[in-house]
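Data first, discussion second: the structure below is written as structure tokens.
Read-outs throughout are calculated quantities, based only on the coordinates presented, and are distinct from any laboratory measurement. Fair warning: this is a prediction, and the values are worked out from it, not measured in the lab. Ideal geometry is used to build each Cβ from the backbone, glycine not excepted, and the neighbour counts take in all protein chains shown.
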Protein chains: 4
Amino acid sequence: MINNRLNIGIIGAGRIGKVHAETIAFRVPEANAAAITDLNQDAAEQVAARCGIPVVAASVDQILDDPDIDAVLICSSTDTHADLTIRAARARKHIFCEKPIDHSLAKIDAALAAVAEAGVKLQIGFNRRFDPNFARVRAAVQSGEIGSPRLLHIISRDPAPPPVSYVKVSGGMFLDMTIHDFDMARFLIGDEVEEVYTAAGVMVDPAIGEAGDLDTALITLKFRNGVIGSIDNCRQAAYGYDQRAEILGSAGSVSTANCYPNEATISTGESVRRDLPLNFFMDRYTESFTREVRAFVQAVAEDKPTPVTGIDGRIPVVMGLAARKSFDERRPVRLEEIG
Amino acid sequence: MINNRLNIGIIGAGRIGKVHAETIAFRVPEANAAAITDLNQDAAEQVAARCGIPVVAASVDQILDDPDIDAVLICSSTDTHADLTIRAARARKHIFCEKPIDHSLAKIDAALAAVAEAGVKLQIGFNRRFDPNFARVRAAVQSGEIGSPRLLHIISRDPAPPPVSYVKVSGGMFLDMTIHDFDMARFLIGDEVEEVYTAAGVMVDPAIGEAGDLDTALITLKFRNGVIGSIDNCRQAAYGYDQRAEILGSAGSVSTANCYPNEATISTGESVRRDLPLNFFMDRYTESFTREVRAFVQAVAEDKPTPVTGIDGRIPVVMGLAARKSFDERRPVRLEEIG
Amino acid sequence: MINNRLNIGIIGAGRIGKVHAETIAFRVPEANAAAITDLNQDAAEQVAARCGIPVVAASVDQILDDPDIDAVLICSSTDTHADLTIRAARARKHIFCEKPIDHSLAKIDAALAAVAEAGVKLQIGFNRRFDPNFARVRAAVQSGEIGSPRLLHIISRDPAPPPVSYVKVSGGMFLDMTIHDFDMARFLIGDEVEEVYTAAGVMVDPAIGEAGDLDTALITLKFRNGVIGSIDNCRQAAYGYDQRAEILGSAGSVSTANCYPNEATISTGESVRRDLPLNFFMDRYTESFTREVRAFVQAVAEDKPTPVTGIDGRIPVVMGLAARKSFDERRPVRLEEIG
Amino acid sequence: MINNRLNIGIIGAGRIGKVHAETIAFRVPEANAAAITDLNQDAAEQVAARCGIPVVAASVDQILDDPDIDAVLICSSTDTHADLTIRAARARKHIFCEKPIDHSLAKIDAALAAVAEAGVKLQIGFNRRFDPNFARVRAAVQSGEIGSPRLLHIISRDPAPPPVSYVKVSGGMFLDMTIHDFDMARFLIGDEVEEVYTAAGVMVDPAIGEAGDLDTALITLKFRNGVIGSIDNCRQAAYGYDQRAEILGSAGSVSTANCYPNEATISTGESVRRDLPLNFFMDRYTESFTREVRAFVQAVAEDKPTPVTGIDGRIPVVMGLAARKSFDERRPVRLEEIG
């Protein structure tokens, strides 16, 4: 820490790395973007110029070896997350790691073990917890405003499917897309899922099926505390990005609607209408990206637990594996079957 | 038919019998409420006085033997529906029968056989199909407005559970409450369900569990055409009667919200709020009761098929039995397992 | 009163006469539609047949002379209202008279004097007070829910202008259309207007201007208690019938939205939309027509004041005359200038 | 311009000065906050530290004399705006000046003359034009989506009145608060107002009246093109900051609703409710502050007219003076009476 500001090294200057770099540079005065690195040197340099980051590191090691750097943000491709987490932990850097840690539980467990051994902090990038809408749903549960939860529904649909080339390396819809919703389900209810049952299909694009993946799913969740939930996923919603949740409790319900670019309503001889909801996850979740990084910085600065821990990064992967097993075997699957 | 009006005999002067009597008397000029009967003679007389029905019959036979009566509305208790349907069919009366026909498939099949043999018309009282909101959802599917359906959600929650004494004779939540939603699912998608999976519990009142029933459920539906759906049921919603549906299609989505006693919004220093949704099914579905009876009268008058046929009465019972079996055996159950 | 039911004679079998006849026949058990008359005998006979009215009277006198008739509904053309009110009062019949009583204050005063002298009850057909939405707005004021009112806005727009032939005999927009809103303003605030200021123009159809009338107006109201209000009128709204009100009070606000044929929302790649609001005043205000007639029947039966009295019929005419004078003289006009 | 970035000097480090400083530092890469000054040196230093502004100038002259500075933002108190505008113009700096330029038309005219003579650019801080909601309303008019405008309503209510000490130096509600709405009316309709009529009162706090001001008003606007509009102002709305607009056109209408901190709805046994709208103008209009400064920077960089010119700063002051005159003289007042 220099001048009481947390010095952060950013690993990865892609889409999400750029977002986090801007957040640290412009919106988190308690932190300082000290260095950035990317296999694509140009990308790193552009972000550095844009955000006033003084050092474009030639390698991850240059960042990990710098004693002035307190923490790293791991924003590189998923297959590097576990290894970089281990290296950063060993270098005694606090770690903010994008989700998922890995698709392999063994690698996740190795990473979490390294973090535990080093005693550094780890936060996983489940940004949606920090979205004001979902945070309000959670608050309604925690405050008792709606009583004891009974039924949960999460709807999470993308505007359009990713390229099939991406689908093939994505780990499958459950680990790539639903993983956010698995985390959300745990976060909103504040309890663990014991069993999942998956109904799913290929309805958007046969090429996704040919790649061995699914594009539409409805996953039933049974929580330890008896709550029953569902996650509705589709890789394509014609009207845009659809991100909602609803909980019925003993004393009432809470639901959250989509976000729109404006609050205008147009009435003509045809219909009463509004513009489409925000279409791009960067626009929809802008505020959450800022808030999650600020929360990480505060957790490190105040030496408190991070709000999204390593185990929070592991369990959704278990859920994703269970969801796929349920689909493959056409039966409900208990999480303990996965490990 | 006298003066071109369909003469109708009403069997049962309870809550729903009274509603149908008023509908025929005041809102369906093409029909005439010619007679009414009930084991409770007082109840029949009160409805007759209120609605100007000239004959309070001493028995069902008096109605079935009356050659001037063209059709009957069977509004008596569920355990009498199948038998009365058979007797009315043999008396060559057209039949409007409240749901469910029976809880036993054997009895349902006997009733449907009698109807088929007599060549009379039969309509089952799944009134919600005639609700303007659900009708609009169906229209959005049929018109192609939202493309090919992919995912369906039905939320159907009562304001408060019935007395446990009723629960014990109700046939269970799936045959008593969900049966409407099973019908709605088939109606909205326009296709048959092949498999169901039930997650359910007792969350509202332990006495319901002690009576062998459930009060909260989430049922996954797989349709023959690949659509995946869910039915969310709870015997109690603190804010009132919650009756919604939502369908995602390839070209968009349609959803319908609850109905309210007024369109007023109050904003104070505390919140921006509106009054609770309509709480009583009679208020919520007023228009649908009128429309279903009018549709029955028209089908008879114009010698066309009724919009909700005998098989439409049978299938939801199969679905209810499958849903319970799925819960009991903790596995997805195909409808063909039931029969 | 026969069998404790109020016997009512209906004068006028046009659009609104037909609505009231159906209401009495089918929805107000405490009343009996005993006779109907119309210059157009066919029209009267059709309504009588539809509603089971036993007598189609050859003249108004036949109704007024019938000692068994307790009350009349005056649903004939506006130019006959005052004279019929006087004749009915002299015949000692209670009177429900459609709005406006007349366009001339002298004739209104003569009618009110006859009513007072006869000691019969008079209710004016300002049905909108009985609409559940506007009634809820009024309730929010009366209950203190929003504190002391400060600002009122009424928006009242027709789907399409009437034929110019009608415009010419309508008494002008302020007496024909705004009169409902003048009544609503007094009803919602529960106080009298002292001054009006009119900004208006011809924006919909030049032919309306050539006929000496206006089609678009914004009228500022100053109430005795200090509240400031506005009435927004237009003879044409492309999206349908627009009927809203909003009040700001010291402790909050209340507003009411339009009514729709269903609660469905459609989301496509173009927009998030719903169907147009109810377009026809008969559909929009269905419930209010029933409630106002029921309130009249109850007021007579229980010998209580009617909820919309003769003076409630007079004041909006004064307001309409003041509004026109304000437009003509381009200045605020106090109601006391009119008389 | 250094490195192609516009060098900006900020005059005033109060609430709005701080907002603009952050915008330039963090959100407008094409500009550089080069210097800041304030009578309160501490305030200037704090903002400089927060935003990385290299120079805290001891005086305005230090900024105006700096040849590297291209433009100034005038964020000091209103009584200094005209004089600073003149001085900055003479120093050949482009000017972004907070609203209002002055309460005196003579001083405004002197300032605009200096700007014209110097040939520098001037933008007035009517930020609401850049709000996505109001921008969407304007777009609906400009695109022809709602046809030709007929009626306009602006509702603009503060959460709570300012201190009476401020009221006394504010220039009165019409120049302090309504001035934004006068600008909005011109912006939304794209035409000039010819006449205003004011109904107003003191309803919130008698002390405001004792200070010679008003706290609640309804102002009727007549536009040159025939459109009729209203502005509803109140210094206090119990539920928070209320900022809406609605336009009826020949082909439809557009309206915009308030902004909320989240999209969650809570339903309990009491009501269906959401949290209060955003309460603070800084939160409500966050995005507009960024967009207006970016627009200014672009206008200078590309040598184009600013989107809110000097005359746009003058006319709302004329409207405010006319509105007050209308109230005082209890009659409609034409703007040409003011000058």
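Brief remarks follow.
- Evaluated with a Cβ-only charge set (Lys, Arg +1; Asp, Glu -1), segment A:6-120 carries a dipole of roughly 240 debye about its Cα centre, given to the nearest 20.
- Placing +1 on each Lys and Arg Cβ and -1 on each Asp and Glu Cβ, with no other charges, gives chain D a dipole about its Cα centre of roughly 580 debye.
- Largest mean-square fluctuation among A:GLU98, A:GLU194, A:GLU117, in a Gaussian network model of chain A whose springs join Cα atoms under 10 Å apart, belongs to A:GLU117.
- Taking every DSSP beta bridge that has both ends in segment D:1-142, the antiparallel portion is near 5%.
- Cβ-based exposure ranking for D:GLU336, A:GLU30, in which fewest neighbours within 10 Å come first: D:GLU336, A:GLU30
- Loop sites in segment A:255-300: chymotrypsin sites (Phe, Trp or Tyr not before Pro), DSSP, at most 12 other Cβ within 10 Å: A:PHE280
- Contact order normalised by residue count of segment B:6-120, Cα under 8 Å, 6+ apart, percent: 25 percent
- For chain D, built as a Gaussian network whose Cα springs stay under 10 Å, the top-fluctuating residue of D:ALA251, D:ALA35, D:ALA91: D:ALA251
- Shielding of peptide B:235-242 by partners, expressed as the average count of other chain Cβ atoms within 10 Å per residue Cβ, is 5.
- Fraction of antiparallel bridges per DSSP, the protein assembly as shown only, in percent to nearest 5: 60 percent
- For segment D:209-263 and segment C:178-220, distance of Cα centres in Å: 19 Å
- Radius ratio Rg over Rh of segment C:6-120, counting only Cα atoms, Kirkwood formula for Rh: 0.95
- Alpha-carbon centroids, segment D:94-173 and segment D:40-55: separation in whole Å: 28 Å
- Value of [θ]222 nm, deg cm²/dmol, for chain D, DSSP H segments ≥ 4, -39500 (n - 2.57) each, nearest 500: -11500 deg cm²/dmol
- For D:GLU194, the amide hydrogen comes within under 5 Å of the amide hydrogens of D:LYS222, D:PHE223, D:ARG224, counting only partners 5 or more places away or on other chains and with H modelled in the peptide plane.
- Rg [Å, one decimal], Dmax [Å, integer] - chain B, C-alpha atoms: 20.4, 67
- The angle separating the long axis of helix A:178-189 from the principal Cα axis of greatest extent in chain A is about 80 degrees.
- Counting Cβ atoms of other protein chains within 10 Å of each Cβ in A:249-261 and taking the mean gives 6.
- GluC sites (Glu not before Pro) restricted to segment B:219-325 and DSSP loop, no more than 15 other C-beta within 10 Å: B:GLU270, B:GLU302
- Compared with the dominant principal axis of the Cα atoms in chain D, helix D:286-301 is inclined by about 50°.
- By DSSP, the beta bridges lying fully in segment D:117-245 are antiparallel in about 75 percent of cases.
- Residue mean of other protein chain beta carbons inside 10 Å, A:273-284: 3
- Convex hull projection area averaged over all views, segment C:190-257, Cα basis, nm²: 5.9 nm²
- Its residue count N sets the reference 2.2 N^0.38 Å, and the alpha-carbon radius of gyration of the protein assembly as shown equals 1.04 times that reference.
- Between the Cα long axis of helix D:78-90 and the first principal axis of chain D there is an angle of about 40°, rounded to the nearest 10.
- Cα-only Debye scattering, segment D:195-339: base-10 log of I(q)/I(0) at q = 0.10 Å⁻¹: -0.54
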